[in-house]
Amino acid sequence: MAFQNIIVETRGKVGLVTLNRPQALNALNEALIAELNEALTSFESNPGVGCAVLTGSEKAFAAGADVKEMAEKGYIESYLGKFLDGWTRVAETRKPVIAAVSGFCLGGGLELAMMCDLIIASETARFALPEITLGIMPGAGGTQRLPRFIGKAKAMDLILTGRMMDATEGERCGLVARVVTADKLLDEALTAAAKIAGYSQPIVMMAKETVNRAQEMSLSEGVRFERRLFLSMFATEDQKEGMQAFIEKRKPRFQDR
Ligand code: CO8
């Protein structure tokens, strides 16, 4: 598939997707989402890719869903056409995805970033769910994921006022994992991704799955789930290799099995 709206590369064991609609501040239209999903599917089936990074431009990670594409939509057409069905692909990706965010990260752009496993932001990042200003509310998980990241009070503040939050506030309230200068953003994200991709792939995937269960399960069910997967790790060669390497004071050579 030739991509028109994104740039897809691999850097070692890291898959890199750059949103690339500069004329629209990377507004997310259906064509872009289809291409992003295609890229993620190709990373998932490529054993040489252990982690992905999703980024935009310095000015905008993504300024939201494409308002011009959405403006004329009607209810029945949207319902029958399964509008939004493809938007959850990032959240369903089994390998980790890091969002490297600079500039505007608004509406559907923030919803997309929140579907990733962690957000690394540049100091210039600006986060908002401004849908209320357009006569709608967030529709790609924003009303559900944002309170889980930052709590009800701040989520209500952002969703009901539509105001922007800077990177420092984003880090302080738990939306953002790390803040770096704009010139260091991609390096920081790629280095973190390469580190993750250097570990045992099945173990990384199980760790990701287990942390994500914390969003959905009660504590006791979650701990039980963790215990099951933790014990299953002792059936892997990578657990033996990891611990043996520690004892022998050498670097482990994980084989992803
Ligand atoms: N959709 C379409 N085009 C956009 C969008 C967008 N979200 N954002 C910016 N653009 C376009 C502008 O129309 C402009 O194009 P043109 O030059 O042809 O007029 C170009 O990008 C540059 O934008 P500006 O001139 O406005 O740039 P500024 O630097 O002056 O302003 C802002 C930047 C503040 C980011 C401003 O562009 C803005 O407010 N954008 C809209 C932000 C917004 O409201 N986002 C939420 C959209 S709704 C949404 O995401 C709902 C998600 C629900 C689920 C998904 C459904 C599919």
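The values are calculated or read from the model by the stated rules, or taken from the named source; none is laboratory data. Note that this is a predicted model, so its numbers are computed, not measured. Positions of Cβ are backbone-derived with ideal geometry, glycine not excepted, and every protein chain shown enters the neighbour counts. All accessible areas refer to the heavy atoms of the entire protein, side chains included, with ligands and DNA or RNA removed. Shrake-Rupley method; radii C 1.70, N 1.55, O 1.52, S 1.80 Å.
Structure summary
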| read-out | value |
| --- | --- |
| Structure-based [θ]222 nm, the chain - -39500 (n - 2.57) summed over DSSP H runs of at least 4, per residue, nearest 500 | -12500 deg cm²/dmol |
| Computed lengthening from ASP256 to ALA31, 0.36 nm per intervening residue step minus Cα-Cα distance | 77.6 nm |
| Karplus-derived 3J(HN,Hα), 6.51/-1.76/1.60, for each residue of region 151-159, Hz, glycine and proline x | x, 5, 4, 6, 5, 4, 4, 5, 6 |
| Most mobile listed residue (ARG11, ARG126, ARG227) in the chain, GNM with C-alpha springs under 10 Å | ARG227 |
| Helix axis angle, 185-197 relative to the chain longest principal axis, alpha carbon, degrees | 40 |
| Under 5 Å, built H, 5+ apart or other chain: amide partners of VAL180 | ALA121, SER122, GLU123 |
| Amide proton proximity set for ILE6, modelled H, under 5 Å, gap of 5+ | ASN20 |
| Reach of LYS82 by Cα under 17 Å, taken over lysines that are not fewer than 8 positions away in the same chain | LYS73 |
| Approximate spin-label separation GLU58-GLU216, in nm, with each point projected 7 Å along Cα-to-Cβ | 4.0 |
| Fraction of beta bridges assigned by DSSP in the chain that are antiparallel (%, nearest 5) | 25 |
| Proximal aspartates and glutamates to LYS251, defined as alpha-carbon separation beneath 20 angstrom and excluding residues fewer than eight positions away on the same chain | GLU237, ASP238, GLU241 |
| Estimated inter-spin distance, ALA245 and ARG163, nm [label 7 Å along Cα→Cβ] | 4.7 |
| Centroid-to-centroid separation of region 1-47 and region 78-92 [C-alpha atoms, Å] | 17 |
| Links that overshoot a 19 Å alpha carbon limit, given the list LYS13/LYS208; LYS59/LYS95; LYS59/LYS184; LYS95/LYS208 | LYS59/LYS95 |
| Fraction of accessible area attributable to carbon and sulfur, region 200-248 (%, probe 1.4 Å) | 62 |
| For LEU175, distant residues with modelled amide H under 5 Å away | none |
| Accessible surface of region 46-133, 1.4 Å probe, proportion on carbon and sulfur as whole % | 56 |
| Accessible surface, the chain, averaged per residue in Å² (probe 1.4 Å) | 53 |
